[in-house]
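Remarks on the structure that follows.
The values are calculated or read from the model by the stated rules, or taken from the named source; none is laboratory data. The shown structure was predicted, so the numbers you read here are calculated from the model rather than taken from an experiment. Here the Cβ positions follow ideal geometry from the backbone for every residue, glycine too, while neighbour counts run over all protein chains shown.
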Amino acid sequence: MGKLRGHINITQGQMTSNKLEIIIQKYNRGTLTTDELDMLFEALSEDWSRKQIEKSIEIEYLLSLKYQKVNAEEAYEAFLSKTRQDRNRNIVKKKKKYVAFYRYAAVFVGLFALSYYFLTRESVEPPLLKIEDKNITLQLGDGKIRVVDAEGNAQVLDKNGKAIATQTGDKITYTSKEDDNELVYNELNIPYGKKFQLELSDGTVVHLNSGSSLRYPVNFLEGKNRKVFLNGEAYFKVTEDEAHPFIINTQQVNVRVLGTEFNVSSYNDDEHVNTVLVSGSVELYEDSEANIDNALQLAPTQKGTWNKAEKTFGVEQVDTNLYTAWVDGRLVFRDTPFKTIRKKLERNYNVTINNNNKLLDENTFNAVFDIETIEEVLEVFDRNFGIKYRIEDNQIIIYQQ
């Protein structure tokens, strides 16, 4: 089997196939913006998009079953009426684009007829994934554990009942107390499928990715380094304080900074610890202050990699957006092995993916996902690359063709 490479997002002008799929899905859900409606009409006038539109609408209606009890002609008339209304309401000044729409109106007649055929024939409903909703937890200084509702508001109290932090939605903000003379630690644990933010007592902001935990002082002390302990992945915006270096401990590697923005990924089951510097400067060294003299210093746009097995550092120039996009809710893959993609999908969606096609794991892919469900992500891989899967015992199982 040769090395399979492919682009899930194939650029055609200003539109991509993946973007077109999302626009069609949003249109059917009634959440399309005016600009996206523009893009849909423009796509209708381009030959490259025809097959993509056919396939996308077929899959969308197969998934949603929205028109199961409507015949093809009625479905088309409803679609045509709605798009006319939307077009007149939102883009009155752009009448010329109706030409493109009517030119391709026949395409939609055929599509709805095809959808109606698939939807009305007898079929067996595939099993659905039941994704467990695990809780974000905060372990306090006295060892007590409280559940954090990412949609709620609350105060965080210490063992004496005094407020030490405030939670507002998906962020907890700690307040600085100058009279503290003892380090007291809290630990925030984020399960797979969720993300969260922290603002530490010095103003440092931390974005925690799925499957991560951070142990940190409730209050940093005068004359002491600002040291926290990370397991997983986090994006840091560190408040500058030359007198108190900020140190992230990742078990094998320390990341030392004064004030900067960077991403650290250090999951237990990964082979490497990666630090990607966005701005400022950081130093990387093995987990001992005795090694700081031999620290590796990074410049912006560099990635420092610690090989856990070989216990060596490496440096390379990178596009930092590929490593920080998760903060904005996007998964970006560039020449990424499928085994790495699987891990990131498992963490992001809180699912289990078993791959029985071992050759597939070393194949590399380019892809971008943001609002898609895990089912939609799998459908994209299946449709574009023929990666076949089934859902069994609430697990995604990839099998050989």
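Across the range 275-291, what is the total count of residues that are exposed (fewer than 15 other Cβ atoms within 10 Å of the Cβ) and modelled with pLDDT of 90 or more?
1
What do you reckon, is N294 modelled with pLDDT under 95, surrounded by fewer than 19 Cβ atoms within 10 Å (Cβ to Cβ) and assigned by TED's automatic domain parsing to the domain that holds V205?
yes
Looking at the range 381-390, can you tell me whether even one residue there is under 15 Å from N348 (Cβ atoms) and either hydroxyl-bearing (S, T, Y) or at pLDDT below 90 (or both)? First the steps, then the outcome.
Just the residues of the range 381-390 that are under 15 Å from N348 (Cβ atoms), to begin with: 381.
Pick out the ones that are also either hydroxyl-bearing (S, T, Y) or at pLDDT below 90 (or both) and you get 381.
So far as the range 381-390 goes, yes, one or more of its residues are under 15 Å from N348 (Cβ atoms) and either hydroxyl-bearing (S, T, Y) or at pLDDT below 90 (or both).
Tell me which residues, restricted to the range 298-314, are surrounded by 14 or more Cβ atoms within 10 Å (Cβ to Cβ) and over 15 Å from S266 (Cβ atoms).
L298, P300, T301, Q302
Quickly run through the range 168-186 and pick out the residues that are farther than 18 Å from T239 by Cβ and free of Cβ contacts under 8 Å to residues at least 40 places away in the same chain.
Result: T168, G169, D170, D179, E182.
Which condition number in (1) within 30 Å of E346 (Cβ to Cβ); (2) touching a helix residue (DSSP H, G or I) at 6+ places or on another chain (Cβ under 8 Å) is the one that E261 fails?
(2)
Got a number for residues in the range 258-273 being more than 27 Å from L331 (Cα to Cα) and loosely packed, with under 15 Cβ neighbours inside 10 Å?
Qualifying residue count for the region: 0.
How many residues does the range 288-332 contain that are in a helix (DSSP H, G or I), more than 20 Å from the chain's Cα centre (by Cα) and over 17 Å from I248 (Cβ atoms)?
3
Among the residues of the range 361-381, which ones are in a helix (DSSP H, G or I) and closer than 16 Å to I396 by Cβ?
Once the filter is applied, which keeps residues that are in a helix (DSSP H, G or I) and closer than 16 Å to I396 by Cβ, the range 361-381 yields D361, I374, E375, E376, V377, L378, E379, V380, F381.
What strands (runs of 3 or more DSSP E) lie completely within the range 200-286 and have 1 or more residues being over 24 Å from Q155 (Cβ atoms)?
Counting at least 1 such residues, we get 226-237, 246-249, 253-257, 261-266, 272-279, 282-286.
Is it the case that the range 168-186 has a residue that's surrounded by 18 or more Cβ atoms within 10 Å (Cβ to Cβ) and more than 30 Å from the chain's Cα centre (by Cα)?
No; the residues of the range 168-186 include none that is surrounded by 18 or more Cβ atoms within 10 Å (Cβ to Cβ) and more than 30 Å from the chain's Cα centre (by Cα).
Given (1) assigned to a loop (DSSP other than H, G, I, E, B); (2) touching a residue at least 12 places away in the same chain (Cβ under 8 Å); (3) not hydrophobic (A, V, I, L, M, F, W, C), identify the lone condition not met by T137.
Result: T137 passes all but (1).
Write out, first by first residue and then by second, each pair whose Cβ atoms fall under 6 Å of each other, whose residues are 6+ apart or on separate chains, and whose first residue, in the range 382-396, is in a loop (DSSP other than H, G, I, E, B) while the second is surrounded by fewer than 16 Cβ atoms within 10 Å (Cβ to Cβ).
K388/Y399; K388/Q401; N394/K130
Condition check ((1) more than 15 Å from K171 (Cα to Cα); (2) buried (at least 22 other Cβ atoms within 10 Å of the Cβ); (3) within 28 Å of the chain's Cα centre (by Cα); (4) aromatic (F, W, Y)) across all residues:
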residue: S213; (1), (2), (3), (4): no, no, yes, no
residue: K227; (1), (2), (3), (4): yes, no, yes, no
residue: K237; (1), (2), (3), (4): no, no, yes, no
residue: E242; (1), (2), (3), (4): yes, no, no, no
residue: R256; (1), (2), (3), (4): yes, no, yes, no
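Looking at the range 336-361 only, could you name the residues that are farther than 22 Å from D133 by Cα, in contact (Cβ under 8 Å) with a residue 40 or more places away in the chain and surrounded by fewer than 18 Cβ atoms within 10 Å (Cβ to Cβ)?
N356, N357, L359
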